[in-house]
Amino acid sequence: MRALRLFGIIAVLWLVADTARAESHLAFVVGNDAYRNVNPLLKAVNDSRAVGRSLQQLGFRVTLGENLAWRDFVEKFSIFENSIQPGDVAFLFYSGHGVEIDGANYLIPIDAPKVAPEQQSLLKDVSISTDNLIQRLKARGARTQIVVLDACRENPFRQAGGRSVGGARGLAGARLPGGVFMIYSAGVGEVALDRLSDNDANPNSIFTRSFLPLLENPDNSLIQVAKQTRTAVKSLAASIGQTQSPAYYDELDGEIFLAKGSVSSPITPVPQTLPVVTTPPAVRSDFPPPPPAQSNFSRDFIFPDSDRIRLTRDMLVGLSAAQLRVARNEIYARRGRYFKDPMLAQYFSRFSWYRPYTWDVPLNGIEQANVALIASFER
């Protein structure tokens with residue numbers, strides 16, 4: 001009898017553990033502005049950062065990519081794909097150029113060549129198929145996929161006279177498998193607006209600035225978010241004589257309330273998965289001293305301009321090992337990276353500018369060079 005009870009307890013614990021594991025929320029967020037061969041964009045990277053922060057606050061583990069070339073996109077998505085387990089919830093957000101070819105939608109990496117109308121097959125080969133991304137996550141067992149595409153812009157490959165590779169503007173309508181909810185920033189054949197005018201100081205596109213507050217509202221289901229976003233975007237576009245009506249496609253069973261962390265079916269609430277230091281250890285004495293009560297931004301850093309100015313070896317001479325370590329990691333902290341080392345997490349949490357939201361932050365060329373230089377001094 002005792003053995004039977006023990007077996008029953010183990011079985012219950014196994015089921016509880018399996019259910020909890022199946023509740024992971026993961027997000028893959030990409031913004032592409034810096035196109036090399038077609039017209040660059042202005043707000044896609046800003047949009048991806050804003051969406052990444054919002055999803056992290058909603059309990060998602062976020063993988064963020066900025067200005068991704070084809071290989072970078074493929075490698076980063078492969079890592080994300082392999083992190084998906086059966087029962088997981090996957091959120092995909094993309095802001096950048098996209099085109100419709102033969103009724104399918106393709107996301108354009110920043111290194112895509114400027115192709116001629118007869119090079120349609122080439123563009124398919126160097127772009128990212130949204131259908132392929134969805135099917136790969138489906139094959140991994142993702143129970144629910146939420147796909148948001150802000151890629152409904154003018155076809156960047158359109159030539160004089162109207163000839164182009166793919167559709168002239170916007171994306172094709174979606175044909176989705178079960179378990180997928182998709183939102184387009186504009187309707188089929190429409191163009192999504194980045195801004196209301198050249199004087200529009202809002203850092204985000206018309207769609208993203210409307211979408212995020214509604215997504216974060218705990219009273220809104222995904223369908224309500226989509227409908228209210230459509231209303232808000234249509235109103236903003238109409239204010240400048242334009243037409244933009246976001247479209248959505250629903251192949252889910254039940255309603256999802258992401259801001260509540262719950263759904264009627266089939267997902268159950270999940271706890272925040274990112275680490276939180278509840279009782280931080282004392283900061284090491286050889287770390288720089290804490291900031292004054294009224295912190296000055298430049299005084300919070302060992303090198304305040306290490307994201308814009310290349311450091312030199314002379315600038316590093318005389319720094320202790322602890323100061324070098326902080327100088328290297330403050331480059332990542334400035335970008336919003338989490339730290340596994342509780343000492344570093346506690347050190348940077350003292351600063352008001354530190355807003356961590358992801359493990360994987362992109363660095364510009366200057367930052368990469370500065371990290372390498374500091375690391376060479378630490379050896």
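Residue pairs whose Cβ atoms lie under 6 Å apart, separated by 6 or more positions or on different chains, with the first residue in the range 214-227 and over 12 Å from residue 250 (Cβ atoms) and the second of a type in the set (Val, Ile, Thr) and open to solvent by less than 60 Å² (accessible area, probe 1.4 Å), are 214/225; 214/229; 215/225.
In the list 307, 314, which residue meets the criterion of being surrounded by fewer than 19 Cβ atoms within 10 Å (Cβ to Cβ) and within 25 Å of the chain's Cα centre (by Cα)? Just a single option satisfies the conditions, and that option is 307.
Looking at the range 200-236, which of the residues that are among the hydrophobic types (A, V, I, L, M, F, W, C) and closer than 20 Å to residue 25 by Cβ is surrounded by the fewest Cβ atoms within 10 Å (Cβ to Cβ)? Quick ask: steps written out before the conclusion?
If we filter the range 200-236 for residues that are among the hydrophobic types (A, V, I, L, M, F, W, C), which is where we start, we get 201, 206-207, 211-212, 214-215, 222-223, 225-226, 232-233, 236.
Still in the list and also closer than 20 Å to residue 25 by Cβ: 211-212, 214-215, 222-223, 225-226.
On the way: 211: 29, 212: 19, 214: 19, 215: 23, 222: 21, 223: 14, 225: 27, 226: 23.
Here the answer is 223.
Of the residues 265, 285, 239, the single one that is modelled with pLDDT under 85, under 30 Å from residue 149 (Cβ atoms) and surrounded by fewer than 12 Cβ atoms within 10 Å (Cβ to Cβ) is 265.
Here's the yes/no breakdown for (1) surrounded by 14 or more Cβ atoms within 10 Å (Cβ to Cβ); (2) at pLDDT 80 or above:
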position	(1), (2)
119	yes, no
123	yes, yes
128	yes, yes
143	yes, yes
156	yes, no
160	no, no
170	yes, no
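Taken together, the criteria exclude residue 94 from residues that are among the aromatic types (Phe, Trp, Tyr), within 15 Å of residue 38 (Cβ to Cβ) and in contact (Cβ under 8 Å) with a residue 12 or more places away in the chain.
The values are calculated or read from the model by the stated rules, or taken from the named source; none is laboratory data. Values in this document were obtained by computation on a predicted structure and should not be read as measured data. FYI the Cβ positions are ideal-geometry reconstructions off the backbone, even for glycines, and counts take in every protein chain you see. When the accessible area is computed, the model is the full protein with side chains, heavy atoms only, and any ligands, DNA or RNA have been set aside. Shrake-Rupley method; radii C 1.70, N 1.55, O 1.52, S 1.80 Å.
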